[in-house]
Every structure is written in structure tokens, then in C-alpha cells.
Amino acid sequence: MRKIAFGFAAAFFAVASLFAVSVDEAELRSVDQTIVFENYTGPHAVVSTLEQIRAIGTTLGQAVASNIDTAGTTGGGQKYSVIHAIDPSTKEKLDADILILSADAGVDHIRNLRQIIAGYLSAAYGYSSSDALTIATFITVYNAVYRKNLDAFKSKYKAVVTDNLTAEKAGLSTKYTEWPGNTQIVIPVSDVSGGLSSVDTSVISDKEVISSMQEDDDKNIDARKEMVDIKEREAEQATEKAQEAQKEATEAQKKADEEKAKLEEKKEETRQAEEKAQEAQKKADENPDDKQAQEEAKQAQEEAEAAREEEAQQEEKAKEAQEEADEAKQTASEQQAVADKKQSEAQEERKTIAQDQKVVEKTEEAASNAPSVYGLNLSSANSMDSVIVKVNTNDGTILQKSEIDVIKNRTMFPVGGGFLAVAGSNSGKGAVKLVIIDQNSLEIMKESEEVLSDNSMLIQDGGNYLVIVNESKSCFVAKYDSNLKLLKKSPVSVSPNSPIVRTSAGYMVTDAAGQPLILDLNELTITAKQ
């Protein structure tokens with residue numbers, strides 16, 4: 001695979017330690033699939049702030065912006081990099097920016113990936129934070145829709161783009177586990193100075209993308225409304241550019257007409273000079289010994305030649321002036337076409353959104369009035385992890401489903417305003433922790449500071465909850481209250497897979513050597529050991 005030179009490497013590395021191009025519209029292909037991103041939604045061992053996440057994209061975008069007219073790669077060898085794949089020598093097909101996630105990339109949720117892209121768009125092309133996030137949302141869906149469809153990319157993008165794509169990596173997988181080392185997010189490019197239209201919204205919101213977004217329960221109405229708003233502003237700006245271009249075209253045509261009038265004058269002057277030269281030559285031919293007649297004929301010929309040269313020069317000026325006028329008219333026409341196109345798309349999408357909104361409102365109303373209960377459902381048929389669901393007790397339909405699909409032990413306990421459970425994964429940046437999940441949003445609203453063992457038990461004893469915590473590769477029994485305050489921790493280590501059983505003599509657990517151990521109910525100290 002051909003690589004573009006590292007034109008921006010120095011600019012990127014200068015800030016790496018700290019943590020407007022357009023997309024042209026294309027009718028790519030019909031795709032029969034629903035895009036549902038699978039994300040890691042459990043606790044994390046290290047939590048990055050929103051600013052830190054966006055800064056990844058911001059750093060890349062700043063490097064690209066410093067050489068916006070030059071093709072190059074920034075962030076090469078880092079966790080995240082961008083190939084600014086542009087070729088100004090040809091206008092056929094599309095340029096693109098390609099965001100690459102290396103094998104070390106740690107992003108594991110689509111929301112965070114979108115923040116990285118948004119930070120990049122703001123820094124590279126000057127988008128506002130809200131517009132950048134809207135466009136980033138559509139870019140991720142667009143790339144998921146056309147994942148691994150290299151033929152589609154080749155049919156629409158320049159060689160400078162497709163030479164840097166591979167079939168197995170092009171686009172974005174819907175599974176976060178497949179992102180590291182296997183992702184080439186394509187952002188189609190048409191104008192590096194496009195401003196609001198730097199990323200062509202028509203491409204990233206084509207009918208296949210919208211169709212996929214409509215499959216979500218909320219039909220992504222908010223994001224689609226925001227995209228329509230962007231398109232309407234694009235239409236306004238394009239209209240203003242068209243009007244300005246039309247004024248320039250009118251002035252250019254006026255100048256062209258003036259040059260044409262001058263050309264007609266020059267043609268008349270040439271005709272008169274040629275007639276005079278012919279008469280003088282005839283007189284000279286009739287009087288070959290008349291030196292004055294010969295001189296006058298020669299001078300007349302020179303004047304005729306000079307007139308022809310002036311006419312040719314004026315003809316070139318008139319031609320150039322008309323070409324400038326025609327180009328200005330073409331620019332005005334193109335800008336007006338963009339304005340009409342964006343406005344038409346916005347109007348059509350508003351109609352579709354209005355219809356979808358009625359469906360969503362009707363569904364939400366029915367769900368709010370339905371009798372329901374909360375419970376757990378397996379995350380998948382072959383999974384030992386669970387997810388909280390809200391189910392209609394009349395027909396068993398799922399009214400609400402949490403994104404957190406890594407609840408352990410198939411166990412949860414109701415606490416004030418939510419549910420207490422063990423959730424997470426100790427792989428990657430994830431961590432297993434004791435969490436409280438909000439009953440309304442079904443999102444984590446609180447989590448323990450301590451990391452738990454992968455297979456930690458969870459039992460309730462009165463108002464307290466016992467689990468197995470993992471500290472420095474040793475595990476201990478820990479007791480928490482309903483607010484996740486650590487009350488006690490056993491002084492003796494236990495097996496990471498230890499059961500916790502309340503008996504009349506104390507909590508029976510398994511020690512690190514695999515032997516039964518009884519801990520005091522209050523202090524978690526040893527009361528009996530084999």
C-alpha cells in the first residue's frame with residue numbers, strides 16, 4: 001500500500017506528548033444493513049476527560065491545518081494518525097482525509113470516537129464544536145455503512161486516497177473490539193477552504209446512511225435535525241456566494257463586451273489599412289521606377305501588418321475576457337446549484353423527520369403507559385454477562401435497554417433510584433467495579449474506586465454488599481454500603497474466584513491456597529481456617 005510522505009510529522013510530535021476541506025456528494029451503493037455500534041459501556045481503570053479525548057483529534061487537526069494545501073501524514077507511528085490525501089492536479093473524483101486507528105488505540109465507545117473526529121474537524125477546518133460533533137456522528141455511520149467496500153471507494157475517490165486504503169480496513173467496524181489496527185475512517189474532501197461546507201454533508205448523509213439511522217429506536221432525530229440545520233446554513237452561504245459570483249459575472253461580461261467592441265474597431269482599422277496597402281502596391285507596380293511610390297507601398301504594407309497584429313492582440317484580449325466572464329457565470333451557476341441542492345435536501349429531510357417524530361412520540365407514549373418491570377437479560381446467547389432491561393408485562397416487549405451489557409453474576413440489587421451490580425471488563429482500558437446504574441437512564445451514575453476481580457461474587461447482607469477486590473495481584477473480600485462506600489476489607493487474601501456465603505459462623509470464602517476460610521461478619525477477620 002502506497003503511503004503519503006510524512007509532511008506534518010514534526011508539527012504533530014511537538015504536541016504528541018500532551019496526551020475547511022469538503023466532501024463531495026456521491027451515489028455510492030445500496031446497502032442492506034442496520035448499523036448498531038457495539039461499545040464497551042462498563043467502568044474504566046483510567047477515566048479520560050472529554051477535553052483529553054477531543055485533544056487527540058485537535059492535535060491532529062492543528063497539524064493538518066498548518067499545511068492544509070499539502071498532502072501528507074500526521075501522527076504516523078502514534079495511536080491515531082491522519083492521512084491528508086489531496087491531489088490538486090486533478091478535479092476528477094474526490095480527495096479525502098483518512099483517520100487511522102493503530103493497534104494501540106484505546107478508544108472503545110462510539111461517543112468517544114466521535115469526539116476525536118469532532119476535535120479534528122474543529123481544529124483542521126474551523127467547525128464549531130456542535131457542528132463538528134454532528135458531522136462526526138454522520139461520518140461514523142457513513143463509514144460503517146460502506147465498511148470494507150473498496151470498490152465503492154475506488155469508484156469515487158482519487159488514487160491518492162485509494163492507494164492508502166485496504167479492503168480489510170477501509171471504513172469503520174460496528175464492533176469496538178475490531179477498531180484497533182483495523183480502521184481507516186474516510187472523510188471525503190472537495191475544497192480545503194470550504195468553511196461550513198468543508199465536509200460535504202450530502203455524501204455523509206446519503207440515503208443509505210439516513211436509512212440506517214432510522215433503524216434506531218429514537219431514529220436519531222436530534223442528530224438529523226442538526227444536520228438539516230447545517231445544510232440550510234450551507235444553502236444560505238451558497239446563495240450569497242452565487243449572488244456575489246453573479247455580480248462578478250455581470251461585470252466580467254460587461255468588460256468582455258467592451259473588448260469585443262474594441263476588436264470590431266481594430267478589425268475596421270485593419271480593413272482600411274489593408275485597402276490602403278493594396279492601392280499603394282498597385283500604384284507601385286504600375287510605376288516600378290517611382291521610388292516614392294515604392295516607399296509608400298512598403299510603408300502601407302507595414303502599417304497593414306501592424307494593424308493585423310493589433311487586431312490579433314485585441315482578439316486575444318476579447319477571448320480572455322469572454323473566458324473570464326464564462327468562468328464567472330459557471331461559478332455562479334455552480335454555487336446556485338449547491339444552494340438549491342442543499343435546500344432541497346433540507347426540505348425533504350425535514351418532512352421525513354416530521355413523520356419519524358410522530359412514530360417515536362407514539363411509541364414513547366405507549367411505553368410510558370405500559371405496565372413494566374426491570375430485570376436482567378443475557379447480553380448474548382453465549383454470554384455470561386447480562387444487561388438491564390425494562391419489559392412490558394403485558395406482552396413481554398423490551399421498552400428500554402441499558403447500554404451496559406457487562407453486568408456480572410446475573411445479579412443486581414435495587415438501591416435508591418437505581419440498581420447495584422458488578423459490571424465491567426478488566427481487558428483493555430476497562431475495569432470490573434461495583435456500580436450503581438440509574439433507573440431512568442440505565443447508565444452508570446456511580447462506581448467504586450476499587451477494581452474487582454474478573455469473577456467477583458456479589459452478595460447482599462442487610463444494607464451491605466460484599467465482593468472480591470483486586471489489589472496488586474492479590475484479592476480480598478470487601479464490604480460496601482449502598483452508596484459504594486468501602487466499609488471493611490479482609491486482612492487476608494482470598495481466591496479471585498472465591499464464593500461468598502453467609503453462615504451462622506461468618507462468611508465462608510476460599511483462601512488463596514484454595515482452602516475454606518470463615519471471616520467475621522463485621523470485621524472480616526479470620527474466625528476459622530482449615
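A few remarks follow.
- Enumeration of residues in region 375-407 that are within 29 Å of Asp454 (Cα to Cα) and in contact with a Pro (Cβ under 8 Å, 6 or more places away or on another chain): none
- Matching residues, region 503-528, being within 14 Å of Ser493 (Cα to Cα) and either among the aliphatic types (A, V, I, L, M) or under 51 Å from the mean Cα position of the chain (by Cα) (or both): Met508, Val509, Thr510, Asp511, Ala512, Ala513, Gly514, Leu517, Ile518, Leu519, Leu524, Ile526
- Qualifying residues in region 381-402 (those that are within 27 Å of Ala223 (Cβ to Cβ) and of a type in the set (Ser, Thr, Tyr)) - the one nearest to the chain's Cα centre (by Cα): Ser402
- Exactly one residue out of Gly42, Gly61 is crowded, with 22+ Cβ neighbours inside 10 Å, modelled with pLDDT of 90 or more and more than 25 Å from Ala152 (Cβ to Cβ): that is Gly61.
- For region 249-269, a residue qualifies if it is over 17 Å from Lys319 (Cα atoms) and crowded, with 17+ Cβ neighbours inside 10 Å, and exactly one does: Glu269.
- Any hit, region 507-519, residues being within 23 Å of Leu420 (Cα to Cα), modelled with pLDDT of 95 or more, outside any loop (DSSP other than H, G, I, E, B) and not aromatic (Phe, Trp, Tyr): yes
- For region 328-365, the set of residues classified as of a type in the set (Ser, Thr, Tyr) and farther than 16 Å from Lys219 by Cα consists of Thr331, Ser333, Ser344, listed by residue number.
- Here Leu524 fulfils each of the conditions (1) within 20 Å of Asp405 (Cα to Cα); (2) crowded, with 20+ Cβ neighbours inside 10 Å apart from (1).
- Number of residues in region 120-145 that are crowded, with 22+ Cβ neighbours inside 10 Å and either of a type in the set (Phe, Trp, Tyr) or part of a loop (DSSP other than H, G, I, E, B) (or both) equals 5.
- Any pair with Cβ under 8 angstrom, 6 or more apart, that starts in region 191-202 at a residue that is on the phi > 0 side of the Ramachandran plot and ends at one that is surrounded by fewer than 20 Cβ atoms within 10 Å (Cβ to Cβ) and of a type in the set (A, V, I, L, M): Gly195/Ala20
- Matching residues, region 67-82, being open to solvent by less than 10 Å² (accessible area, probe 1.4 Å) and among the small types (Gly, Ala, Ser): Gly72, Gly75
- Here Asp340 meets each of (1) open to solvent by 70 Å² or more (accessible area, probe 1.4 Å); (2) modelled with pLDDT of 95 or more with one exception, condition (2).
- Boolean, Ile53 is among the β-branched types (Val, Ile, Thr), open to solvent by less than 30 Å² (accessible area, probe 1.4 Å), under 21 Å from Tyr176 (Cα atoms) and modelled with pLDDT under 95: yes
- Among (1) more than 13 Å from the chain's Cα centre (by Cα); (2) farther than 25 Å from Gly195 by Cβ; (3) open to solvent by less than 10 Å² (accessible area, probe 1.4 Å) - the single one Val161 does not satisfy: (2)
- Failed condition for Asp289, given (1) open to solvent by 100 Å² or more (accessible area, probe 1.4 Å); (2) part of a helix (DSSP H, G or I): (2)
- Candidate set from region 174-202 (those that are charged (D, E, K, R) and over 14 Å from the mean Cα position of the chain (by Cα)); member that is surrounded by the most Cβ atoms within 10 Å (Cβ to Cβ): Asp191
- Cβ-Cβ under 8 Å pairs, at least 6 apart or on other chains, region 254-277 side within 16 Å of Ala304 (Cα to Cα), far side among the basic types (Lys, Arg) and open to solvent by 90 Å² or more (accessible area, probe 1.4 Å): Leu263/Lys317
- Single residue of region 203-229 satisfying the filter (within 14 Å of the chain's Cα centre (by Cα) and in a helix (DSSP H, G or I)) that is nearest to Gln335 (Cα to Cα): Val203
- Residues in region 103-114 that are open to solvent by 30 Å² or more (accessible area, probe 1.4 Å) and touching a Gly at 6+ places or on another chain (Cβ under 7 Å): 1 in all.
- Residues of region 473-494 classified as part of a loop (DSSP other than H, G, I, E, B) and more than 23 Å from Leu420 (Cα to Cα), total: 4
- Filter result for the condition that a residue is of a type in the set (A, V, I, L, M, F, W, C) and either in a loop (DSSP other than H, G, I, E, B) or open to solvent by 20 Å² or more (accessible area, probe 1.4 Å) (or both), over Leu420, Leu434, Leu399: Leu399
- Ala321 vs. criteria under 23 Å from Asp257 (Cβ atoms) and surrounded by fewer than 18 Cβ atoms within 10 Å (Cβ to Cβ): no
The values are calculated or read from the model by the stated rules, or taken from the named source; none is laboratory data. As the structure is a prediction and not an experimental result, all values here were calculated from the model. Virtual Cβ from ideal backbone geometry, glycine too; neighbours counted across all protein chains shown. We work out accessible area using only protein heavy atoms, side chains counted, and drop any ligands, DNA or RNA first. Shrake-Rupley method; radii C 1.70, N 1.55, O 1.52, S 1.80 Å.
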